[in-house]
């Protein structure tokens, strides 16, 4: 079944009917040929030795570069300027002839990064939590590939795409108490709803009745749920917990593992879909079939920025794309993901609940007119969103941003939008996502 048809089916039908049709719609994913091919390739790849794996990864990298040279205007010109011929590529080191691609450069290049081929795609936007948002185009078939990587990542913990059920604490509930995705057998619950004391019993019952196997989402929300379960004497046995999108601590891991009797792991990825890593026991391992990852030295000893070249999508290839995240290499040679910042900035909701970056980033088209934005909080439960415009936002666009924030916050945080000429930065001139003056 086509991606767009599948999406329309589960977006429009009532939630109760989705529950009934869930087992049927899961098969749309499981029996999709792209999902099956990707998942089987991952299983076979696991059985290979390192030399065989690197040979396959090099071939995939070369394929991306050859394709970009033939179909993507930006790379056609760039490769000619630096005299790089992907057809002659013999080792991973050859890619170093190509300049690194920053997010700022990708934004400036714009449509020159898009393939000239007619490929079905979907659009997503980075949250702009490090500055301006980037518009990302991904092949529609990459949705199935992405799901295969996630399923393979959780398989060691007993995850089965045909049977396993998940609850996700992140994002929006889309105007409802929860949002059910039958294709993924997943219930999405807004962290803000979770932070409301009066909602806990309903949320717990929903999770219990749904017979959840895994909880995924923001570490702050999952940890808060675990604390509430302990406080109220509630018990749910899970197969696993997955932290995503936020930094998390050893204390978070211990809390959820002790509360739910399972392993807590994490995965690393981003909206741009150019890198995927599994994080077990604090060690970050990049998936070689998802893309090729380089570590670029920073001015801090044993710290490296992540640069990645993705394999999943052709519509907007990202080659040597530098993320905002960093890796520390330990004395034993293990990779430890640090993330955007070594300590998470947060805001405080009306009931004292911490609100982290992931819950308030703006993944929406209107941010294309925003140069940068910053939250400023001087009172518990209230904050201002300071926006520096690249282009003038209309009243309608400002209202959409306001509605987006309100739909996320569930009345726990009042946010007033202000247009400003600049946002505050650190003494060294670095961007700050939020300034909280009430902690």
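Just a few scattered comments:
- Centroid-to-centroid separation of segment 421-435 and segment 291-313 [C-alpha atoms, Å]: 25 Å
- Candidates 29, 51, 76: whichever shows maximal mean-square fluctuation once the chain is modelled as a Gaussian network with Cα springs under 10 Å: 51
- Taking the inverse of the mean reciprocal distance over all distinct Cα pairs, the Kirkwood hydrodynamic radius of the chain comes to 23.1 Å.
- More than 24 angstrom apart: percent of Cα pairs within segment 105-232: 44 percent
- Based on DSSP H segments of at least four residues, each scored -39500 (n - 2.57), the chain has a per-residue ellipticity at 222 nm of -10500 deg cm²/dmol.
- When Rg and the Kirkwood radius Rh are both evaluated on Cα atoms of segment 72-138, their ratio Rg/Rh stands at 1.02.
- Annotation: the residues 206, 113, sorted from fewest to most other C-beta atoms within 10 Å of their own C-beta, follow the order 206, 113.
- Antiparallel bridge percentage (DSSP; both residues within segment 346-436; nearest 5): 55 percent
- Just checking the listed ones, 288, 132, 382: in the Gaussian network model of the chain with Cα springs under 10 Å, the one fluctuating most is 382.
- Scattering curve values for segment 22-150, log₁₀ I(q)/I(0), Debye with Cα scatterers, q = 0.13, 0.21 Å⁻¹: -0.76, -1.31
- Sorted peptide list for 398-406, 207-215, criterion being average Cβ within 10 angstrom, highest first: 207-215, 398-406
- Mean separation of Cα pairs under 8 Å and 6 or more residues apart, divided by the residue count, gives the chain a relative contact order of 15 percent.
- For segment 187-332, diffusion coefficient by Stokes-Einstein and Kirkwood Rh (Cα), 4 °C, 1.567 mPa s, µm²/s: 76 µm²/s
- Residues 254, 243, 180, ranked from the fewest to the most other C-beta atoms within 10 Å, line up as 254, 180, 243.
- Neighbour counting of Cβ atoms within 10 Å sorts the residues 181, 138, fewest neighbours leading, into 181, 138.
- Here, P(r) means the percent of Cα pairs in each 10 Å bin from 0 to the largest distance; for segment 275-425 it is 9, 29, 28, 27, 7, 0.
- Note on segment 346-436: Cα convex hull, mean projected area over all directions, 5.8 nm².
Coordinate-derived values only; no laboratory data. As the structure is a prediction and not an experimental result, all values here were calculated from the model. For neighbour counting, all protein chains shown are included, and Cβ atoms are generated from backbone atoms with ideal geometry for every residue, glycine included.
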